[in-house]
Amino acid sequence: MIKVEGRTLWRGGVKIGYVEDEYVIDHSGEKVGFYSSDHVYGKNGNKVAHIEGDYIYFSDSGKKIRIEDNNKDVEGGSLSNIQKAAARILLGE
């Protein structure tokens with residue numbers, strides 16, 4: 001589970017990164033990817049997921065998860081659905 005405080009991301013009491021502008025940045029300050037509109041991209045610019053309707057679809061596996069379920073795994077703060085999806089996908093579950 002990822003906890004959000006402001007734009008800072010925590011897991012188990014350890015800071016794992018933060019969201020700045022359209023980027024997700026890990027604890028060391030490296031940009032691990034970004035989001036735009038309803039798509040999530042890896043740091044090399046490859047599309048890794050997108051939101052459509054009530055689901056987040058993963059590009060590589062065809063797997064999908066409900067946005068509602070993702071918001072339970074990435075909780076707190078005031079991030080948008082695409083920001084929470086990007087945090088979970090780019091920083092791991």
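Data table
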{"item": "Whole-number D in µm² s⁻¹ for the chain, Kirkwood Cα-pair radius fed into Stokes-Einstein, 20 °C, 1.002 mPa s", "result": "167"}
{"item": "Chain lengthening between I67 and R7 when straightened (0.36 nm per residue, less Cα-Cα)", "result": "19.7 nm"}
{"item": "Selection from L91, Y23, H39 lying farthest towards where the dipole of the chain points positive, charges on Cβ", "result": "L91"}
{"item": "Trypsin sites (Lys or Arg not before Pro) within the range 1-76: DSSP coil, no more than 15 neighbouring Cβ in 10 Å", "result": "K43, K63"}
{"item": "Residue-averaged 222 nm ellipticity for the chain, from DSSP H runs of 4+ at -39500 (n - 2.57), nearest 500", "result": "-5500 deg cm²/dmol"}
{"item": "Anchor K64: lysines whose Cα lies under 23 Å away (excluding residues fewer than 8 positions away in-chain)", "result": "K3, K43, K47, K72, K84"}
{"item": "Farthest toward positive dipole pole in the chain [+1 Lys/Arg, -1 Asp/Glu at C-beta], among T8, Y55, S78", "result": "T8"}
{"item": "Electrostatic dipole magnitude of the range 2-91 [Cβ: Lys, Arg +1; Asp, Glu -1; Cα centre; debye, to 20]", "result": "220"}
{"item": "Distance in nm between pseudo-label sites at H27 and N46 (7 Å out along the Cβ direction from Cα)", "result": "2.6"}
{"item": "Proximal aspartates and glutamates relative to K63, as straight alpha-carbon distance under 14 Å, when same-chain residues fewer than 8 apart are discounted", "result": "E52, D54"}
{"item": "Restricting the range 1-76 to GluC sites (Glu not before Pro) in coil, as DSSP defines it, with at most 16 other Cβ within 10 Å", "result": "E22, E30"}
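Each reported figure results from applying straightforward, stated rules to the coordinates on display, with no laboratory input. Everything quoted here is computed from the prediction, not taken from an experiment. Ideal geometry is used to build each Cβ from the backbone, glycine not excepted, and the neighbour counts take in all protein chains shown.
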